[in-house]
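Enquirer: Below is a structure I'd like to ask you about.
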Amino acid sequence: MSGLPAVLVPHGYRSLPVLQLAGAASGLCRPVFLVDPSDPDVVATRRLLDHLGPVVRTDQPFAVLVAELAGHELAGAVAFRDDDLVLVARLAAALGLRFHRPEVAERLADKLTQRRALASAGLPGPAIVPLLDPSDLEAAAEAARHVDFPAVLKPRQGSGSYHTFLVEDPGDLARALGEVSGSAGAPSAMVLEEYLPSMQGATDGPFADYVSVETLATSRGLVHVAVTGRTPPVAPFRETGFFLPAGHLDRAATAAVLSTATAALEALEVTTGCLHTEVKLTPDGPRILEVNGRMGGGIRDLLLAASGRDLLVDHLRGALDLPVDCPALLPCQRFGYRFFYQPPVEARRLVSLSGLRELASAPGVESVAPHLPPGSTFDPRLGSRSFLFSVVGTAPDLAGVAAARRQLDDLVEARYELADDYALAEGGEDGRTVGRAPQQQAALAERRPAVA
């Protein structure tokens, strides 16, 4: 192990599972973990991290951090979260490692900077304006004059549809900004971007009107390894799942999507790493939603299930500037899927959840992973992160993917307390009790999220 090249790997909340990383790195490289010691996920996994490789803390001056990392004789760097891109880029530049250049990392991490870079390169896209202070309603009203409604309000930095809203008019924008300002952990800077309309027919049936392109960028160029389809999101913009390959696109549509992704990556001057580019199907052709400078969440598992290819190994090899013999649009023997069971937007507390055991035994299902237990509370402003559980599996064809999504509704039942009958008050053994008006005591609803 000591003779293997070292790769810098930031780790923390919502990062790649550390044992997945260790498995892919086995025999190829040794990880050097970069961590924020205050991160609860780091605290929970610290003993495991210490066992798998050296751990370097971020809570020290940049020059000291560079000097400590230099002692590990790093040969490459990777990142699996948007939040890590800029720091790792700065460290990689200081250490002479292959990674996104700092200015490229800024374009990948900041939605406003990215959209302006795409526009400067001539890629058509929606108008976008910054909202530097979500509580400044006068500035928001001025910004609203420069976009057409409907529009999307979202953080300049972030993922998972966190604090992302569809706003229909300036009044709706003011209401949404009030929601943001009243939320704990609200983003400090946001953008308002025109909403891209859907191509006619793109939202018909069980699939969504956008896809993603999974790309390896190495010293030998860009390789698009897969196009991933999506199931329709639920309000406000919460993801319900994805599948690959995107077999619902014909050859011409696939070629147009890939060409658009290539143009965007070239415009952002991306030359290395694993990329996840979201593309919407509009009446004017494919349009970039956003380019993410890291591997898409869950994509590695789906590619492994559908094609047998481990994208994470290819990613690590690319970071080390080793040959990556990966073909474009990997041939898949089956479809892989991962679905998220989202509560309805009006749900505020999960009362009960049943049917997971039956779902885990259904044909094609490989795993069911509970995420939130009964008693959990919801805040739709937090985006896609508040799903109840996820399910991963395979299907022989596209019809099988749609059937697998439907079986979530057939087998799983969730009961919620809803927004208009739910309130929090001090008290109770855990410091919080549920208070409801007397006529609403029985207002528990059986609801299932909207699906294909």
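Enquirer: In whole Hz, with x marking every Gly and Pro, tabulate ³J(HN,Hα) for region 186-195 from phi via Karplus 6.51 cos²θ - 1.76 cosθ + 1.60, θ = phi - 60°.
Expert: Once rounded to whole Hz, the list reads 5, x, 8, 9, 9, 10, 10, 10, 4, 7.
Enquirer: Only Cα pairs under 8 Å and at least 6 apart count here; give the relative contact order of region 199-333 as a rounded whole percent. It would help to have the intermediate numbers written out before the result.
Expert: Details: 240 pairs, mean separation 36.9, N = 135.
Result for region 199-333 is 27 percent.
Enquirer: Taking 60 Å as R0, compute the FRET efficiency from the Cβ-Cβ separation of Arg357 and Ala263 and round it to 0.05.
Expert: Working: r = 47 Å, r/R0 = 0.78.
Working from the Cβ atoms, E equals 0.80.
Enquirer: Just subtract the alpha-carbon distance of Ala399 and Asp321 from 0.36 nm times their residue separation and send over the number in nm, one decimal. Each step should come with its number before you reach the end.
Expert: Numbers: separation 78, 0.36 × 78 = 28.08 nm, distance 3.97 nm.
Gain in length upon complete extension: 24.1 nm.
Enquirer: Using a Förster distance of 35 Å, how high is the FRET efficiency between Ala328 and Tyr195, based on the Cβ-Cβ distance and rounded to 0.05? List each step's numbers first, then the result.
Expert: Working: r = 32 Å, r/R0 = 0.90.
The formula returns an efficiency of 0.65 here.
Enquirer: Quick one: order Val368, Val351 by neighbouring beta-carbon count within 10 Å, fewest to most. Intermediate values should be presented prior to the final figure.
Expert: Details: Val368 22, Val351 14.
The most exposed by this proxy come first: Val351, Val368.
Enquirer: Right, another one. Determine ³J(HN,Hα), in whole Hz, for all residues of region 21-34 in sequence, where each value follows from phi through the Karplus function 6.51 cos²θ - 1.76 cosθ + 1.60 and θ = phi - 60°; x replaces Gly and Pro.
Expert: Couplings: 4, 4, x, 5, 7, 4, x, 10, 7, 10, x, 10, 8, 10 Hz.
Enquirer: Nearest 0.05, what FRET efficiency do Leu28 and Ser390 give at R0 = 22 Å with Cβ-Cβ as r? Each step should come with its number before you reach the end.
Expert: On the way: r = 28 Å, r/R0 = 1.27.
Efficiency for this residue pair is about 0.20.
Enquirer: Please tell me the relative contact order of region 6-99 in percent, rounded to the nearest whole number, where contacts are Cα pairs under 8 Å and at least six residues apart. Walk me through the intermediate numbers first.
Expert: Values: 125 pairs, mean separation 30.4, N = 94.
So the answer I get is 32 percent.
Enquirer: Once the Cα atoms of region 199-333 are picked out, what are the Rg and Dmax in Å?
Expert: Both quantities, over Cα of region 199-333: 14.4, 44 Å.
Enquirer: Could you list Met295, Met199, Met190 in order of exposure, starting from the residue whose Cβ has the fewest other Cβ atoms within 10 Å?
Expert: Numbers: Met295 23, Met199 17, Met190 29.
Ordered by Cβ neighbours within 10 Å, fewest first: Met199, Met295, Met190.
Enquirer: Given 0.36 nm per residue, what is the gain on full extension from Ala141 to Gln20 after removing their alpha carbon distance, in nm? All intermediate terms of the calculation are to be shown ahead of the outcome.
Expert: Details: separation 121, 0.36 × 121 = 43.56 nm, distance 4.67 nm.
Computed gain between Ala141 and Gln20 is 38.9 nm.
Enquirer: Quick one: 3J(HN,Hα) in Hz for region 361-370, Karplus 6.51/-1.76/1.60 with θ = phi - 60°, rounded, Gly and Pro as x.
Expert: With the stated coefficients, region 361-370 comes to 8, 6, x, x, 6, 9, 7, 10, 10, x Hz.
Enquirer: Given an 8 Å cut-off on Cα distances and at least 6 residues of separation, report the relative contact order of the chain as a percent. Each step should come with its number before you reach the end.
Expert: Details: 932 pairs, mean separation 57.2, N = 452.
Rounded, it is 13 percent for the chain.
Read-outs throughout are calculated quantities, based only on the coordinates presented, and are distinct from any laboratory measurement. Everything quoted here is computed from the prediction, not taken from an experiment. Every residue, glycine as well, gets a Cβ built from its backbone with ideal geometry; the counts of neighbours run over all protein chains shown.
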